[in-house]
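Written below as structure tokens is the structure these notes are about.
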Amino acid sequence: MKILVTGCAGFIGSHCCEKLLAEGHELIGIDNFSRFYAKSTKLQNMQSFRHHENFTFHEVDLRDKDALHQCLNREVDLVLHLAAKAGVRPSIEQPADYIDVNVKGTQHLLDWMVQTGCKKLFFASSSSVYGNNPDGAALSENAVVDQPISPYAFSKRSAELMNYTYHHLYQLDVINARFFTVYGPRQRPDLAIHKFVKLIDQGHAIEMYGDGASARDYTFVADTVDGVYKAINYLQEHSGVYETLNLGNQTPVTLSELIGMIYTTMQKEANIIRKPMQAGDVNVTHASIDKAKSLLGYNPQTSMSEGIRRFYDWFLTQKNDSN
């Protein structure tokens, strides 16, 4: 297949590109190298495939509709839409930016699909759309998701709804996949595991917001990418598709447990500064993955302790290479 990958230089996007190229697909990658973190990091993410014979790259911003249409003048079979303005806390400070990128940018992409005749879309949504989950129960795709507690969550839910509209009007086949706290090699430097490991390695204390009881359904990146790949195959093989799926690990880990695992893996003594819970943060994310298992054969394999070890091994390699 010819696949357009938006956000190809990001954490998840770069791993997906490696997988799809290894499976023989032809890719067109786009990224705008946003300033959310360093362009050099994103270029490093692309190092293994930037010059692959089946990969073409364009630096383009989805907000620029004219540039998008001028740049992408080739037909593709499927769009893997991973590009987004990320981060719950920054979205509270800059809500308009999140609407501009995550909603308007997605609309521009959908319009381009209609214009070029591309009928298949994989959209990366987020577990944030579920809002707060006070009892910690597994969240199913049938849950009512009309109470987002951050602009980031609202922007992702808005894009899901817009995807349905384009499915209805233009017969696009769509899978909305709600990712649950993806981690692993190349994780964004602003996210907890990467940030904690770097601080501990430098001999600094880490900040823990809340009492440590908040929990996340951490999902190792290789498991997420496997789910993405299975969903792409499903879209390729079926028509009339509109599905929303959780791609999680169905095993929430508390913040206290996570911090303990990191210190144990790094063989360091705990040094923690406790702070109040921050606005916009949900209490617990816990994915029901029954639908993804049934529909796709999705079955995450990586334990949290193994995933933390693999991330730390990558971190040490990157640190040594830069010295």
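Per-structure values
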{"item": "Neighbourhood charge, 15 Å Cβ-Cβ cut-off, centred on N54 and excluding it, Lys, Arg +1 and Asp, Glu -1", "result": "-1"}
{"item": "The range 186-260 and the range 110-174: distance between their alpha carbon centers, rounded to Å", "result": "18 Å"}
{"item": "Most mobile listed residue (L247, L43, L27) in the chain, GNM with C-alpha springs under 10 Å", "result": "L43"}
{"item": "Point-charge dipole on Cβ atoms (K/R +1, D/E -1) for the chain, about Cα centre, debye to 20", "result": "460 debye"}
{"item": "Cα-based Rg / Dmax (Å) for the range 184-323", "result": "17.2, 54"}
{"item": "Out-of-range pairs (alpha-carbon distance over 32 Å; input K85/K319; K19/K104; K39/K65; K85/K230; K2/K198; K293/K319)", "result": "K2/K198; K293/K319"}
{"item": "For L245, distant residues with modelled amide H under 5 Å away", "result": "N176, A177, R178"}
{"item": "Relative contact order (%) - criterion: Cα under 8 Å, at least six apart; region: the chain", "result": "18 percent"}
{"item": "Ordering of 56-69, 221-234 by packing [mean C-beta count within 10 Å, highest first]", "result": "221-234, 56-69"}
{"item": "Rounded to 10°, Cα long-axis angle of helix 192-201 versus longest principal axis of the chain", "result": "40 degrees"}
{"item": "Relative contact order for the range 199-261, counting Cα pairs under 8 Å that sit 6 or more residues apart, in percent", "result": "52 percent"}
{"item": "Folded to 0 to 90 degrees: helix 11-22 orientation relative to the chain principal axis, Cα", "result": "60 degrees"}
{"item": "Phi to ³J(HN,Hα) by Karplus 6.51 cos²θ - 1.76 cosθ + 1.60 over the range 23-38, Hz, x for Gly, Pro", "result": "8, x, 7, 9, 10, 10, x, 10, 7, 9, 6, 4, 7, 4, 8, 5"}
{"item": "More than 21 Å apart - percent of Cα-Cα pairs taken over the range 110-263", "result": "53 percent"}
{"item": "Rounded, prolate or oblate (a/c below 1.5 giving rounded, otherwise prolate when a/b exceeds b/c) for the range 38-127 by Cα gyration tensor", "result": "oblate"}
{"item": "Net dipole in debye of the range 1-155 [+1 Lys, Arg Cβ; -1 Asp, Glu Cβ; about Cα centre; nearest 20]", "result": "220 debye"}
{"item": "Counted charge near P151, where neighbours are those whose Cβ lies closer than 13 Å (Asp, Glu -1; Lys, Arg +1)", "result": "+1"}
{"item": "Selection from T56, Q70, Q44 lying farthest towards where the dipole of the range 1-100 points positive, charges on Cβ", "result": "Q44"}
{"item": "Helix-only CD estimate at 222 nm, as mean residue ellipticity for the chain, using -39500 (n - 2.57) per DSSP H run (n ≥ 4)", "result": "-12500 deg cm²/dmol"}
{"item": "Cα pair distances of the range 151-241 binned at 10 Å [whole percent]", "result": "13, 30, 31, 17, 8, 1"}
{"item": "Taking N as its residue count, the alpha carbon Rg of the range 202-273 over 2.2 N^0.38 Å", "result": "1.61"}
{"item": "Calculated from backbone phi, Karplus (6.51, -1.76, 1.60) coupling profile of the range 268-274 in Hz, x at Gly/Pro", "result": "10, 7, 5, 8, 10, 9, 8"}
{"item": "Cα coordinate range in the chain, projected on the principal axes (Å, largest first)", "result": "57, 46, 38"}
{"item": "Compactness relative to 2.2 N^0.38 Å, alpha carbon Rg of the range 257-323", "result": "1.54"}
{"item": "Kirkwood-Stokes translational diffusion coefficient of the range 69-109, alpha-carbon pairs, 10 °C, 1.306 mPa s, µm²/s", "result": "134 µm²/s"}
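Computed from the coordinates by the stated procedures, all read-outs in this text should not be read as laboratory data. The shown structure was predicted, so the numbers you read here are calculated from the model rather than taken from an experiment. Neighbour counts run over all protein chains shown; Cβ positions are idealised from the backbone, glycine included.
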